[in-house]
Amino acid sequence: MRSAISLLLLPALAAAAGLPSYSVLSEEPGAWPQILESIGLQRKPASVARVLVLGEGALAAPEWSTRVQDGALLILEGESPLAEMFGFRRGDANVRAGSLTDVHDAKLPVVWERALELPVCHVPDGAQVFARERWSGAPLMAGLRRGAGAVLWLAVSPGNRGYERFPYLLQALTALGLEPPFHSGRLWAFFDYAYRMRVDPLYFAGLWRKAGIAALHVSAWHFFERDEARDRYLAELIQACHGRGIQVYCWLELPHVSEKFWESHPEWREKTAVGQDAHLDWRKLMNLQNHACARAVSAGVRELIFRFDWDGINLAELYFESLEGIDNPSRFTPLNDDVREEFRRRHGFDPLEIFGARKDTASRRLFLNFRAELARRMQEEWLGEIEGIRRDKPQLDVVLTHVDDRFDEGMREAIGADAAAVLPLMARIPFTFMVEDPATVWHLGPQRYLEIARRYEALEARKDRLAIDINIVERYQDVYPTKQQTGVELFQLVHMASGAFERVALYFENSLRKADLALLPSAAAAVGRVERIGPKLVVESAYGVGVPWDGPAMVDGRPWPVRTDRLVWLPAGAHSIEASAAMDGPRVLDFNGDLQSARYGRDGRIELAYRSQARAFAVLDRRPVSLELDGVDMQPDLCSPQVLVLPRGQHLVTIRTE
Amino acid sequence: MRAGLFLLACGLLAQSPDPAYEPLAKAYEALRSRHYDAAVSLFLKAIEAAPERAAVRRDMAYTYLKIGENELAREQFREAVRLEPSNHHTALEYAFLCFETGEKVQARRIFDRVRREGDPESRATAEQAFQNIDGPLAAGIARWQEAIRLGGGNFSAHYELATLAEQRDELELAARHYEAAWRLLPDRRSVLVDLGRVWKALNRVEQANAALLAASRGGQARAAEKARELLPARYPYVPEFLAALELDVRNIELRRELAYLLLRMKRQKEAEEEFRIITRMDESDLLSAAQLGFLYLGRGDRINAMPLLERVLRGDDIELANRVRAVLRLPQQLQRRAAAASPAAASLDAKQMAERSMRAGYMKDALKYLQLAHEADPVDTNVMLKLGWTYNILKQDSMAARWFDLARRSTDPGVASEAQRAWRSLRSSLGRVRTSVWAFPFYSSRWRDLFSYGQFRTDFRVPFPVQPYFSARFIGDVRRTMDSGSLGSSQPQYLSESAVIAAVGLTTPVWKGLRGWGEAGTSINYLTHHVTPDYRGGVAYFRGFGRGLASEGSGWFTETAADGLFVSRFGDDVLFYWQNRLGFGQGAGPLRLQFYINANLTADVRRQYWANFVESGPGVRFWPSALPSSLYFTVNFLRGAYTLNRGNPRRPNFFDFRAGMGYAFSY
């Protein structure tokens, strides 16, 4: 055994400079691959892996100390002679562990679905306890730094799915020195002004971009009417985002228009099946089937779009209420007079009757079909409205956020959502179809995204225009260990979704917990292959990726201009990186479009080929002085001294800098 | 002079620097340059230096707001309000933040206070804010009340109404509708927690504790956790259990816990009643059925017990059913549990964990995993065998024997034979009658004779501190030594009595290696055919540590044997033997060896020379592993010295080469 471990040690030193990888030294790896791969770690043989997982009962050997001193990160589960060797010893007492507190988010309740009887273990001097049993304070997760490496000890395995017990396990690993291997800057995030009224937008723009956010979808209903202070805030927010290379979308939640619109037009309010105004949850729904109302809303939207420097429009959740469907008449819409009249004309009876005397299945089916068709018509009309606006403001991208009704097939009946009826519109009006994870499946595991993607591909939706919206909110289901996705669960969701969809959006930036922000870009990176071939590192990614790299680099044999001091940004596909002896030229530090190629042209100019559904922002390390777009000289459009605004679409640009 | 010094001191004190000045100055500088994180840590230093300054708290709060830390900002405003209760502007800021961070109840209360007590400007703002909160709450309450009146009285309507009512401090209304909502969906345990919280706010402590106790047992772990936060830290009293059950009648786990509590309190009658309710309410609760059945059985009520126990036997909990079978003295059932998902995989996993635990010496954990493995795959006889060994190591031999008994029926010959051997060995020690035979023939160069000791003994297990036995000893040699009856004879009659001694005796059980015994019998000399009475008895002690002869692997060992023996035959003498061995065992391969050093002491009360000597020297003990494990060989080279030489016809020192073999078995 000892000699075997010694053999493992020798090559480990040679590979220490490589990207972090992992190995599970157990016949049953459990959920460790899902956990560690969720932030991009690749599985490698134990002889070269930096992160090594050893299960309960792992035998002690002095070689492990050496390997940790040399930089290995050992993860030890439960009791074992090896854990004892590092000082994690079983005490006499036991504790019934059912909840814990973690230093990474001390106020977050972490509750285990099934409590476990565990021995109380002593941790060695100098160890940092990351998680404790909530009521007794017994240590459940602790780390110990030794030389260039560290040991992370868990009182028990992290569970079958990997996130049942220790949500902040990966944060603990990074606190012990693990640097995740890849970064992505392609996430979208929703932004609700109501939660951020008093923040400094400039401060937050920096945080968002660091967290890998490429576009912010801003709650536009707060700005529907003119208001000097609010308008100034939004203008500042947009400017701050653009200055950091973040696009800003106008997020509409029709038929909710605005608070003031609701107050001003009680005559246009939507009605529920019990005849009440449809104020459901936070939304105050308007009757868009009413022509006068629709005209007023349309004019307001147009004015809103032209009042601010938006990059796109997101038409979200444009259908009816509620998830409880016809079973709950007090939340069931639309039953305004216009809808009732139209239905009566077509089918000869008032739809309100289906909640009274006419409860037969056929009548109900008739109205539910009518309602789904009405929702589709409404979506088509409003996409048409937006398309009309885009004729005057062509920079705008369009997104339709639509709840999934393929995976959860009850959605058509519940809220009238029918993706199969909407998707054919993509052929006529180009838009990104953003699938909203329905609340009914928020408790299911990350694998659901593969299945959702598969079902939309079956509808022949354009894969490059499919996005997924992950709701990071407190779930109404009885879920564990946290009500809202965080830590390992969040990273698994984002990682799985990033591999299955062209674009991943998070609802919403305010609900993301601070402890998660640093690892989010790594979770969003979709990397298929990593290989070291001689001095070259070959990385294959689905949508482009940032790879940690110090100093000048050559990509595919050519000096590469798209990089920071710590990261090289690669386009999608397989590319090799190697160290470059060339002098450093001007650099693109950050780019939020889809990079296709880059190189240095004559006189140190930067040539970029890119594709982007909305305007793209290139953050440079110096001021650009001239620009050539698809062979035509142009004056650079700058939103700040070093941030270049580039048009949407597919283009080749040549940038000359100071 | 004194007055002058006093004035100087006052002046110095007056000029003493503001401890918060420096961090504050730097904090404002950081704030101006939008370095919020630095500003936060500097403000915290300033607060540490001047914790009672409301203005610093406010500026800290505004800095938190810039970076989106609204809850931290709210806490600073709360402190500022505490420090300056009359500052209505701060109170309003606090209230707004309460509203933004979800503490609507608190926000509404503060706005309500300021609109009545504040300055005119604050009053106006507070009034507007209060109405902004209160208006929608009032409208919402009215709307949901109307919805319920119109027939929409479902869970959602009651729950929404209760939530709004709680936010509006209409606690009676909130409690009514939380309860209504919970009654509609009793599985939503979090609503029970809401109800408990509101009752607590209404100072209905008993009701609150009942709701919270009910929520803390059974159902959703998260709700249970929340309930625990609100419950008193102590363990609940029986009346509180009863109150909780009155509210939540169908809470089986709560009732079962109460029943077990009553049992611990020796209130069996009440416990039985609770178990009875459970078994009527939920026929699938086999644990309660078994427990109640055992209670009936315990007091001889077989008529009531059997239907319950039969229910358990019919159920799908094999382990529980086997416990019932054990009590009813029925054969254990070895059926694979049909409902178990992938039992083989689960069993494999648990088996691996068990093996690791055994290797690491964690026998209790090994036992736990083996039980899981058995549960997952109840016909895996290998697991049963391991369970047997584990129980055996844990000194629970009756359980061990049960598992060996099951495992010896294995179709795997290896498992079956190992289990058979172990079962026989244990059964003999646990059976009512146990017969053991041992023999130890050896050659002594000192006496140039081959001696043999042996005993056939039958023990009878009786429920008393001492157990009777029948014994037949053989003590003889090949040189046919005659007992001259003279203890001073040079012949080794004390090594060979050339007799068979039949006796009956009493022995204590072995306790930590110590045993007491005594017997009375008849000695029949097989050479002279003399028959003489024989009485002997004493205490015997044996302990060994380290690697045994049959152990795998190498290692040190030590053993000690001490005997105090009364023998009527030698003139009612009392002899002491103390024999020690320290050595190293090499326990792998076909030959297991132990090398050791002997250190022996023999003495007696009657001070006979032959019974007082010491001896020491090397020895080896070995066991060819192909032979039965109870057969072994020894070779010893001993150098001895008499400690009493009066009457000793020999030299005071001696050498002795002894070679012998030991064999024992029991049944």
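Values quoted throughout were computed directly from the atomic coordinates according to the rules given, and no laboratory measurement underlies them. Keep in mind that what you see is a predicted model, and the values were worked out from it rather than measured. Every residue, glycine as well, gets a Cβ built from its backbone with ideal geometry; the counts of neighbours run over all protein chains shown.
List of remarks:
- Average projection area in nm² (convex hull over Cα atoms of the range B:131-244, one quarter of hull surface): 7.3 nm²
- The range B:567-633: trypsin sites (Lys or Arg not before Pro) in DSSP coil with no more than 14 other Cβ atoms inside 10 Å: B:606, B:607
- Cα gyration tensor category, rounded, prolate or oblate, for the range B:16-103 with a/c compared to 1.5: oblate
- Lys, Arg +1 and Asp, Glu -1 on Cβ, resulting dipole of chain A about Cα centre, debye, nearest 20: 840 debye
- Surrounding net charge for residue B:542, when Lys and Arg each add one and Asp and Glu each subtract one, Cβ distance under 14 Å: +2
- Taking a ≥ b ≥ c as the square roots of the Cα gyration tensor eigenvalues, the range B:182-239 comes out oblate, since a/c reaches at least 1.5 and a/b does not exceed b/c.
- Whole-percent P(r), the range A:215-365, all Cα pairs, 10 Å bins from 0: 11, 35, 28, 17, 8, 2, 0.
- Dipole magnitude (debye, nearest 20) for chain B, charges at Cβ of Lys, Arg, Asp, Glu: 3000 debye
- Within straight-line cross-link reach of residue A:210, lysines at Cα separation under 20 Å, skipping those fewer than 8 residues along the same chain: A:514, B:66
- Volume of the Cα convex hull of the range A:94-229, divided per residue and given in Å³: 171 Å³
- Straight-distance crosslink candidates among lysines, where the alpha carbon sits under 25 Å from residue A:284 and sequence neighbours closer than 8 are dropped: A:260, A:271, B:104
- Convex hull of Cα atoms in chain A, direction-averaged projection (nm²): 32.0 nm²
- The trypsin sites (Lys or Arg not before Pro) of the range B:383-445 that DSSP puts in a loop, and whose beta carbon has at most 16 other beta carbons within 10 Å, are B:395, B:409, B:432.
- Normalised convex hull volume, the range B:538-667, alpha-carbon set, Å³ per residue: 121 Å³
- Shape analysis of the range B:597-667 yields a ratio of the Cα radius of gyration to the Kirkwood radius, Rg/Rh, of 1.13.
- Placing unit charges on each Cβ (+1 for Lys and Arg, -1 for Asp and Glu) gives the protein assembly as shown a dipole about its Cα centre, and among B:475, B:17, A:47 the Cα reaching farthest toward its positive end belongs to B:475.
- Kirkwood Rh in Å, taken over the range A:45-159 so that all alpha-carbon pairs contribute: 14.5 Å
- Filtered trypsin sites (Lys or Arg not before Pro), the range A:574-658: DSSP coil and at most 14 other beta carbons within 10 Å: A:622
- Fraction of the pair-distance distribution of the range A:485-593 above 24 Å, Cα-Cα pairs, percent: 32 percent
- The range B:78-193: Cα Rg divided by the 2.2 N^0.38 Å rule of thumb: 1.24
- Computed over the range A:338-442, the alpha-carbon pair-distance distribution with 5 angstrom bins reads 2, 11, 19, 18, 15, 14, 11, 6, 2, 1, 0, each value a whole percent.
- The range B:221-297 - percent relative contact order, Cα under 8 Å, separation 6 or more: 19 percent
- The range B:250-309 - Rg and Dmax from Cα coordinates, angstrom: 10.5, 30
- Equivalent ellipsoid semi-axes - Cα gyration tensor, the range A:166-291, angstrom: 37, 19, 12
- With the charge dipole of the protein assembly as shown set up from +1 on Lys and Arg Cβ and -1 on Asp and Glu Cβ about the Cα centre, the Cα lying farthest toward the positive end among the listed residues B:51, B:435, A:604 is that of B:435.
- Rounded to the nearest 10 degrees, the inclination of helix B:171-184 to the longest alpha-carbon principal axis of chain B is 50 degrees.
- Each Cα pair under 8 Å and six or more residues apart adds its sequence gap; the mean of these over the residue count of the range A:593-634 is a relative contact order of 30 percent.
- In units of the compact-protein estimate 2.2 N^0.38 Å, the range B:150-206 shows a Cα radius of gyration of 1.04.
- Estimated translational D of chain B in µm²/s (Stokes, Kirkwood radius over Cα pairs; 4 °C; 1.567 mPa s): 38 µm²/s
- Projection of the Cα convex hull of the range B:201-333, averaged over all directions and equal to a quarter of that hull's surface, yields 8.9 nm².
- The dipole here belongs to the range B:502-651: it is taken about the Cα centre, uses +1 on the Cβ of Lys and Arg and -1 on the Cβ of Asp and Glu, and is about 360 debye.
- Put simply, the protein assembly as shown fits an ellipsoid with semi-axes of 78, 40, 33 Å; these come from the alpha carbon gyration tensor as the roots of five times its eigenvalues, largest first.
- Using all pairs of distinct alpha-carbon atoms, the Kirkwood hydrodynamic radius of the range A:567-656 works out to 13.5 angstrom.
- For chain A, the longest principal axis of the C-alpha atoms and the axis of helix A:201-210 are separated by about 60°.
- GluC sites (Glu not before Pro), loop per DSSP, at most 13 other Cβ atoms within 10 Å - longest free stretch of chain B: B:284-551
- Helix B:318-328 and the long axis of chain B differ in direction by around 50°, with both axes built from C-alpha atoms.
- Only Cα pairs under 8 Å and 6+ residues apart enter the sum, and on that basis the relative contact order of chain B stands at 4 percent.
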